[in-house]
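Quick notes on the structure that follows.
Read the figures in this text as sums done on the coordinates, not as results from a lab. From a predicted model like this one, the values you see are computed outputs, not experimental measurements. Every residue, glycine as well, gets a Cβ built from its backbone with ideal geometry; the counts of neighbours run over all protein chains shown.
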Amino acid sequence: DAGVIQSPRHEVTEMGQEVTLRCKPISGHNSLFWYRQTMMRGLELLIYFNNNVPIDDSGMPEDRFSAKMPNASFSTLKIQPSEPRDSAVYFCASTRTEASYEQYFGPGTRLTVT
Amino acid sequence: AQKITQTQPGMFVQEKEAVTLDCTYDTSDPSYGLFWYKQPSSGEMIFLIYQGSYDQQNATEGRYSLNFQKARKSANLVISASQLGDSAMYFCAMTPPNTGNQFYFGTGTSLTVIP
């Protein structure tokens, strides 16, 4: 299995630009999570999907952030417009929800907004 | 509310020695899962070990073991025979029931193994 795939691995953009992060979960996993990691705030859950449906988006910082999961094999996290304080590593993780399975993390996208 | 507490921001251990990383949690649910992840400097999150709240025995995975004390709500990670490659951030996490396996992470402990 290829594991959770994220793209791009690194993104540098200017303030005000739109940023789209992509994630392909592990085949057969029915839950997908987006996290943000910074030195100041640690690992924060932004949103998670179960069977492609957003279940909890209370961690999404503000309306500039949006996430979609159009099908079981693809999800996007979009920031529009981006701001320097959005600079962080964004992780996508997937798991199965039938029991307490570990979450499998992607390699992360390091976002820098200048 | 669920909460994970890791009180040790940084730890040092001599190579080949054992080290314990602390984790306490707060939940009113009787059923939950506890996990430890390792994050080396390269950034990836690596699953290490899992403990279910109803498991009678402490979980072990190679050099990793989980010292599970349910009454004290603690789930400390023990790394035996530390190696230089164990230097990393370590995160404790909990998943309560009926949350779609949503994880609550602690703030992490940075472990440095000294040669």
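Tabulated data
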| item | result |
| --- | --- |
| Spatial extent of chain A: Rg and Dmax, with the Cα atoms as the point set, Å | 13.3, 42 |
| Loop GluC sites (Glu not before Pro), the range A:5-114, which have at most 14 other Cβ atoms in a 10 Å radius of their Cβ (DSSP) | A:GLU14, A:GLU18, A:GLU62, A:GLU98 |
| Within the range B:1-57, trypsin sites (Lys or Arg not before Pro) in DSSP loop having at most 15 other beta-carbon neighbours inside 10 Å | B:LYS16 |
| Whole-angstrom Cα spans of the protein assembly as shown along principal axes, big to small | 49, 40, 34 |
| DSSP-loop trypsin sites (Lys or Arg not before Pro) across the range A:4-81, with at most 16 other Cβ within 10 angstrom | A:ARG9, A:ARG41, A:ARG64 |
| Exposure proxy ranking, count of Cβ atoms within 10 Å, fewest first, for B:ASP29, B:ASP86 | B:ASP29, B:ASP86 |
| Cut-off under 5 Å, modelled amide H: who pairs with B:ALA18 long-range | B:ALA81, B:SER82 |
| FRET efficiency, A:ARG64 to B:GLN83 (Cβ-Cβ, R0 41 Å, nearest 0.05) | 0.45 |
| Modelled label reach - A:THR20, point 7 Å along Cα→Cβ, the range A:72-98 residues with backbone N closer than 13 Å | A:75-80 |
| Chain B: relative contact order as a whole-number percent, Cα under 8 Å and 6+ apart | 37 |
| Spin-label pair A:SER27/B:GLN14, simplified geometry with 7 Å Cα→Cβ offset, distance in nm | 5.1 |
